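All remarks here apply to the structure that follows.
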Amino acid sequence: MADSAQAQKLVYLVTGGCGFLGEHVVRMLLQREPRLGELRVFDRHLGPWLEELKTGPVRVTAIQGDVTEAHEVAAAVAGAHVVIHTAGLVDVFGRASPETIHEVNVQGTRNVIEACVQTGTRFLVYTSSMEVVGPNTKGHPFYRGNEDTLYEAVHRHPYPCSKALAERLVLEANGREVHGGLPLVTCALRPTGIYGEGHQIMRDFYRQGLRLGGWLFRAIPASVEHGRVYVGNVAWMHVLAARELERRAALMGGQVYFCYDGSPYKSYEDFNMEFLGPCGLQLVGARPLLPYWLLVFLAALNALLQWLLRPLVLYAPLLNPYTLAVANTTFTVSTDKAQRHFGYEPLFSWEDSRTRTILWVQAAGSSAQ
Ligand SMILES: NC(=O)C1=CN([C@@H]2O[C@H](COP(=O)(O)OP(=O)(O)OC[C@H]3O[C@@H](n4cnc5c(N)ncnc54)[C@H](O)[C@@H]3O)[C@@H](O)[C@H]2O)C=CC1
Ligand SMILES: C[C@H](CCCC(C)(C)O)[C@H]1CC[C@H]2[C@@H]3[C@H](O)CC4=CC(=O)CC[C@]4(C)[C@H]3CC[C@]12C
């Protein structure tokens, strides 16, 4: 990546490259990274769509592996110039144990860092999350905040705890000497709630609405703003950050960036209706149909049932005390740090993001019938 080697082709590794975000990062790299020579896609579950990418001009190498296995990670990282580490266990519903979430998100990230150090890979971009900041357990609003906004980040749930720990590992690793003697350069991107093609929760809400005859029922006040960002823009920010890490190492190394775009500030449910409305669903109620105390009670009941039933069956509904708190607390971002540090501007306008998502929901919904 030095001036003398402008034409040098680079090897990129994307961990979690077959997930919702990972697939967009992989496709974005192939479309928009001219220096890409080889793209390694590392995931526990490889998607069949990877096959079609192998016929293009860039060498695409699919690697089935587990980030918790240090030797598998080291083998995948060896010889890579840049690692985009997006693999993670995204579970806020109690499907996986806290130990498993920690193992994948924290130990997995430690393995990626150590692999970079051992093999001499110098550039690491980590997909963190807004959840490392909040919403916190006290329900404090974070209104149009930025990376410097003071906020009492208090985590109890295993998912945000694990993302916060992993992010810290990544930032602390900035400047470590890698094999060959040069310093590691790292940064972390913190997306808000991601939406777009491939968003399973959006598809689930759509299917639920269809089952209920086209109706969804408001649970959250319209006044609660929840930050959302289009997946194509999140992918673009990863590609740009990875590209600029060497040239702007002194500025970007060890930094965090919220991942945002021009998506409107709305409540979680009203935002979803931007896509589900044009697909024929309606959100019933200008105000929540159930009082908040009843939702709190139902969320606690779900948590109790999950615990009681665990030996017999996995009961993991969308509503639990954590998801209710997240959905019911204003958390929105407004920042230009990524723009100032590495020239990030959203690639997709809100109108484009909306249209693409609607088309995907319609297709995903009809394929479920
Ligand atoms: N979905 C969202 O709204 C947000 C997600 N994020 C972060 O973005 C990243 C990607 O999330 P999504 O694409 O939404 O999730 P996802 O579940 O669709 O993708 C995660 C990918 O990681 C892979 N993976 C999981 N455990 C693995 C392991 N042990 N070894 C190798 N691969 C493994 C999965 O197979 C999957 O392909 C995660 O790190 C998540 O914490 C951050 C903010 C918001
Ligand atoms: C599932 C929640 C909505 C259901 C609320 C109910 C039951 C009242 O209808 C989702 C509301 C907010 C979501 C989270 C948020 O977007 C931030 C996230 C960031 C991540 O890094 C991972 C995903 C998530 C925690 C996301 C998960 C679903 C919600 C809790």
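The values are calculated or read from the model by the stated rules, or taken from the named source; none is laboratory data. Model, not experiment: these values are computed from the prediction. Positions of Cβ are backbone-derived with ideal geometry, glycine not excepted, and every protein chain shown enters the neighbour counts.
Can you tell me which condition Asp261 does not meet? The list is (1) out of contact with any Pro (no Cβ under 8 Å at 6 or more places or on another chain); (2) more than 14 Å from ligand 2 (Cβ to nearest atom), and all the others hold.
(1)
Identify all residues within region 298-351 that are within 27 Å of Arg247 (Cβ to Cβ) and either among the small types (Gly, Ala, Ser) or in contact with a Cys (Cβ under 7 Å, 6 or more places away or on another chain) (or both); write none if there are none.
Ser334, Ala338, Gly343, listed by residue number.
Within the set of pairs 6 or more residues apart or between chains, which connect a residue that is in contact (Cβ under 8 Å) with a residue 24 or more places away in the chain and among the aliphatic types (A, V, I, L, M) inside region 18-29 to a residue that is more than 11 Å from ligand 1 (Cβ to nearest atom) and assigned to a loop (DSSP other than H, G, I, E, B) with Cβ atoms less than 9 Å apart?
Met28/Leu347; Leu29/Val58
Name every residue in region 329-338 that is away from ligand 1 (no atom under 16 Å from the Cβ) and either modelled with pLDDT under 95 or not in a loop (DSSP other than H, G, I, E, B) (or both), in order of residue number.
The one that is away from ligand 1 (no atom under 16 Å from the Cβ) and either modelled with pLDDT under 95 or not in a loop (DSSP other than H, G, I, E, B) (or both): Lys337.
Only one of Arg27, Arg59, Arg35 is within 16 Å of ligand 1 (Cβ to nearest atom) and among the basic types (Lys, Arg). Can you tell me which?
The unique qualifying residue is Arg27.
Which one of these is within 16 Å of ligand 2 (Cβ to nearest atom) and not β-branched (Val, Ile, Thr): Leu165, Leu150, Leu182, Leu169?
Leu165
I want to confirm something. Restricting to region 39-54 and keeping residues that are of a type in the set (Lys, Arg) and modelled with pLDDT of 95 or more, which single residue is nearest to ligand 2 (Cβ to nearest atom)?
Taking the candidates together, the pick is Arg44.
Does Arg95 count as over 30 Å from Leu39 (Cα atoms) and either free of Cβ contacts under 8 Å to residues at least 60 places away in the same chain or under 20 Å from the mean Cα position of the chain (by Cα) (or both)?
yes
Just to be sure, is Gly196 of a type in the set (Gly, Ala, Ser), at positive phi and surrounded by fewer than 19 Cβ atoms within 10 Å (Cβ to Cβ)?
no
Going through region 191-225 one residue at a time, which ones are in contact with a helix residue (DSSP H, G or I) (Cβ under 9 Å, 6 or more places away or on another chain), assigned to a helix (DSSP H, G or I) and away from ligand 1 (no atom under 16 Å from the Cβ)?
Tyr206, Arg207, Gly209, Leu210 - these are the residues of region 191-225 that are in contact with a helix residue (DSSP H, G or I) (Cβ under 9 Å, 6 or more places away or on another chain), assigned to a helix (DSSP H, G or I) and away from ligand 1 (no atom under 16 Å from the Cβ).
Find all pairs meeting these conditions: Cβ atoms under 8 angstrom apart; at least six residues apart or on different chains; first residue within region 189-205 and more than 17 Å from Glu131 (Cβ to Cβ) and modelled with pLDDT under 95; second residue buried (at least 21 other Cβ atoms within 10 Å of the Cβ) and of a type in the set (Gly, Ala, Ser).
Here the result reads none, with nothing in region 189-205 linked to a residue that is buried (at least 21 other Cβ atoms within 10 Å of the Cβ) and of a type in the set (Gly, Ala, Ser).
Which of the numbered conditions does Arg144 fail, given that it passes all the others? Conditions: (1) more than 12 Å from ligand 1 (Cβ to nearest atom); (2) more than 25 Å from Val77 (Cβ to Cβ); (3) free of Cβ contacts under 8 Å to residues at least 60 places away in the same chain.
The number of the failed condition is (3).
Could you check region 271-297 and list, in sequence order, the residues that are in contact with a Pro (Cβ under 9 Å, 6 or more places away or on another chain) and part of a helix (DSSP H, G or I)?
Phe271, Glu274, Tyr292, Leu295, Val296
Of (1) more than 26 Å from the chain's Cα centre (by Cα); (2) under 30 Å from Ser349 (Cβ atoms), Glu177 satisfies all except one. Which?
(2)
Every residue, every condition in (1) touching a helix residue (DSSP H, G or I) at 6+ places or on another chain (Cβ under 8 Å); (2) of a type in the set (Val, Ile, Thr); (3) without any contact (Cβ under 8 Å) to a residue 40 or more places away in the chain; (4) more than 26 Å from Ile194 (Cα to Cα), yes or no:
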site: Val58; (1), (2), (3), (4): yes, yes, yes, yes
site: Ala80; (1), (2), (3), (4): yes, no, no, yes
site: Gln118; (1), (2), (3), (4): yes, no, no, yes
site: Thr121; (1), (2), (3), (4): yes, yes, no, yes
site: Thr127; (1), (2), (3), (4): yes, yes, no, no
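Of these, Gly253, Gly232, Gly213, Gly209, which one is surrounded by fewer than 17 Cβ atoms within 10 Å (Cβ to Cβ) and not basic (Lys, Arg)?
From the options Gly253, Gly232, Gly213, Gly209, the qualifying one is Gly213.
So is Val234 β-branched (Val, Ile, Thr), modelled with pLDDT of 95 or more and within 15 Å of ligand 1 (Cβ to nearest atom) or not?
Against the criterion (β-branched (Val, Ile, Thr), modelled with pLDDT of 95 or more and within 15 Å of ligand 1 (Cβ to nearest atom)), Val234 qualifies.
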